[in-house]
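Single-structure report; data block below.
FYI, it's all coordinate maths here, none of it is from the lab. Keep in mind that this is a model prediction, so the values were computed, not measured. Backbone-built Cβ (ideal geometry, glycine too); neighbour counts: all protein chains shown.
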Amino acid sequence: MNVEKEIAALAKRTARQPRRRHVALFGEEARPDNRQWLLRRIAWRMQALHEGDLSERARRLAALSPRAARTARQRRATGVGLAIEQL
């Protein structure tokens, strides 16, 4: 099934069905009772499984605060603060 279609179908279902899908995808119960968060998390996982997950570099940047991530991107772009072998 198409990822977009499956998410659209889950959005129309009762609260139990997205929770069951979350268990199937993540192997654990969904914690928050925020339906929008749950559907986004399911969509992200389905997309990652279908199209490939994030690179390790992207995961590290995502784990940083927005300000730290912006600074890291700026340093790479300008070459400031990088060792010579990294340039």
The correct pair for the stretch 27-78, radius of gyration to one decimal and Dmax as a whole number, both in Å and from Cα atoms, is 14.6, 44
Out of Leu49, Ala30, Ala11 - ranked by how far each Cα lies towards the positive end of the dipole of the stretch 9-53, with unit charges on the beta-carbon of charged residues - the top one is Ala11
Using only the alpha-carbon atoms, what does the stretch 1-60 span along each of its principal axes? Please give whole angstrom values in decreasing order. 37, 26, 18
